[in-house]
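Notes follow the structure.
The values are calculated or read from the model by the stated rules, or taken from the named source; none is laboratory data. None of the values given here were measured: they were computed from a predicted structure. When we count neighbours, we look across all protein chains shown, and the Cβ atoms used for this are built from the backbone with ideal geometry, even at glycine. Ligands, DNA and RNA are stripped out before the accessible areas are found, and what is left, the full protein with its side chains, is counted by its heavy atoms. Shrake-Rupley method; radii C 1.70, N 1.55, O 1.52, S 1.80 Å.
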Amino acid sequence: MFGNKVLKGVFLVGLGATSYGMLATFVKLAYADISSQGLHYTPAEVITAQFIIGILIIGLINIFQSKFSKEVLVKPSVTDIKKLMIVGTSTGLTSIFYYLAVKYIPVSIGIVLLMQTVWMGVLLEMFLEKKSPSKIKIVSVFIVLLGTVLATNLFYNKIELNWEGVVLGLLAAASFTTTMYAANKVATSISSAQRSLYMLLGGAVIVFIFALLTQHTPFNFDIFFKWGIIIALFGTVIPPMLLNAGFPLTGIGLGSIVSSLELPVSVTMAFFILDENVIFSQWIGIMLIILAIVVMNINFKKK
């Protein structure tokens, strides 16, 4: 049914999405941990450690590529670097909003809110490209909204969602939508490692400003050794590399379907490791969101 290249792409994208799905659980565990100073780690400490370690690792990858790559690497122009750093600010905002959100709401709810990028992407495309969405996309948006109502458990009156967390989760989805849309259109001629590095540098500017404004206790450098490395690997290094390698092999449609694995993986991790309560109707909502992603990316026209 599929060629070897497509199967390889499916494996790479699936592994990348799975890595992203694990991220929020590790962040939640970091918040619950106690440092050597007897304090809980703050969002500023977690996000700063992730970006600094991520930049160092991606920087080393770039050096390795420049020394040993057999292909001639295109050198980015000053304009490319500026554009990538500007786009990268939305990467920093996504991390800030998402990591703050999971302090107030369960991971299983946070990932559902992040997946609102499905309909936000449709709106952004409609606004920027000035074209009406197809009927399939409109149907998919309504399926996502129905799935969200079920997945966030709004019908179960005994559970009250923290609205601050919900707003932060939606802001994370909005900034992530911007990242995905712009990243596929900016400086695409240079290597993915170079693009990742400059986007991380742009995001780091926002993250450092956030840390300066919100860190009211001495910065606990234990975070770099206890949780920073694992969060950087699963949030900054592994997923972008695997997705950038896999998407060209699968194509956008199939790649988007496979990348939706992030949602069930994240909820499953929260269920088993964080012991979050996930009822049957929430699983139905999650499946509906995945269905919407599948519907949106299947080509129903016969070739």
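Go through segment 92-114 and count every residue that is of a type in the set (Val, Ile, Thr) and over 20 Å from LEU263 (Cβ atoms). So that I can check it myself, show each step before the final result.
Of the residues in segment 92-114, the ones of a type in the set (Val, Ile, Thr) are 94, 96, 102, 105, 107, 109, 111-112.
Next, only the ones that are over 20 Å from LEU263 (Cβ atoms) stay: 96.
Qualifying residue count for the region: 1.
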Quick one: ILE138 ticks every box in (1) in contact with a helix residue (DSSP H, G or I) (Cβ under 6 Å, 6 or more places away or on another chain); (2) at pLDDT below 90; (3) of a type outside the set (Ser, Thr, Tyr) except a single one, so which number is it? (1)
Just to be sure, is SER175 at pLDDT below 85 and under 24 Å from VAL237 (Cβ atoms)? no
Of the numbered conditions (1) in a helix (DSSP H, G or I); (2) on the phi > 0 side of the Ramachandran plot, ASN153 satisfies every one except a single condition; which is it? (1)
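How many residues are in contact with a helix residue (DSSP H, G or I) (Cβ under 7 Å, 6 or more places away or on another chain) and open to solvent by 20 Å² or more (accessible area, probe 1.4 Å) if we restrict to segment 3-12? Before you say what the answer is, go through the steps one by one.
Let us first name the residues in segment 3-12 that are in contact with a helix residue (DSSP H, G or I) (Cβ under 7 Å, 6 or more places away or on another chain), namely 5-6, 8-10, 12.
Keeping just the survivors that are open to solvent by 20 Å² or more (accessible area, probe 1.4 Å) gives 5-6, 8, 10, 12.
Number satisfying all stated conditions: 5.
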For segment 35-51, check the following and say yes or no: at least one residue is surrounded by 13 or more Cβ atoms within 10 Å (Cβ to Cβ) and within 18 Å of LEU243 (Cβ to Cβ). yes
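Among the residues that make up segment 67-80, is at least one of them open to solvent by less than 40 Å² (accessible area, probe 1.4 Å), within 29 Å of THR188 (Cβ to Cβ), acidic (Asp, Glu) and in contact with a Ser or Thr (Cβ under 9 Å, 6 or more places away or on another chain)?
Filtering segment 67-80 down to residues open to solvent by less than 40 Å² (accessible area, probe 1.4 Å) leaves 76, 80.
The next check asks that each one be within 29 Å of THR188 (Cβ to Cβ); those that pass are 76, 80.
Pick out the ones that are also acidic (Asp, Glu) and you get 80.
Imposing the further condition that a residue be in contact with a Ser or Thr (Cβ under 9 Å, 6 or more places away or on another chain) reduces the set to 80.
Yes, the conditions are met somewhere in segment 67-80.
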Which numbered condition in (1) within 23 Å of the chain's Cα centre (by Cα); (2) part of a loop (DSSP other than H, G, I, E, B) is the only one that LYS8 fails? (2)
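Looking at TYR41, TYR98, which one is in contact with a strand residue (DSSP E or B) (Cβ under 9 Å, 6 or more places away or on another chain) and either over 30 Å from THR214 (Cβ atoms) or not small (Gly, Ala, Ser) (or both)?
Details: TYR98 fails: in contact with a strand residue (DSSP E or B) (Cβ under 9 Å, 6 or more places away or on another chain).
From the options TYR41, TYR98, the qualifying one is TYR41.
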Got a sec? Which helices (runs of 4 or more DSSP H) wholly within segment 13-129 have at least 2 residues that are under 30 Å from TRP163 (Cβ atoms) and out of contact with any helix residue (DSSP H, G or I) (no Cβ under 6 Å at 6 or more places or on another chain)? 117-129
Just a yes or no: is a residue in segment 184-192 of a type in the set (S, T, N, Q) and open to solvent by less than 20 Å² (accessible area, probe 1.4 Å)? no
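Hey, could you check segment 157-172 for residues that are modelled with pLDDT of 85 or more and open to solvent by 30 Å² or more (accessible area, probe 1.4 Å) and say which is nearest to SER95 (Cα to Cα)?
Taking the candidates together, the pick is LEU171.
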Let me confirm something: among LEU242, LEU249, which residue is in contact with a Lys or Arg (Cβ under 6 Å, 6 or more places away or on another chain) and buried (at least 17 other Cβ atoms within 10 Å of the Cβ)? LEU249
Look at segment 48-96 and say how many of its residues are of a type in the set (Phe, Trp, Tyr) and in contact (Cβ under 8 Å) with a residue 60 or more places away in the chain. 1
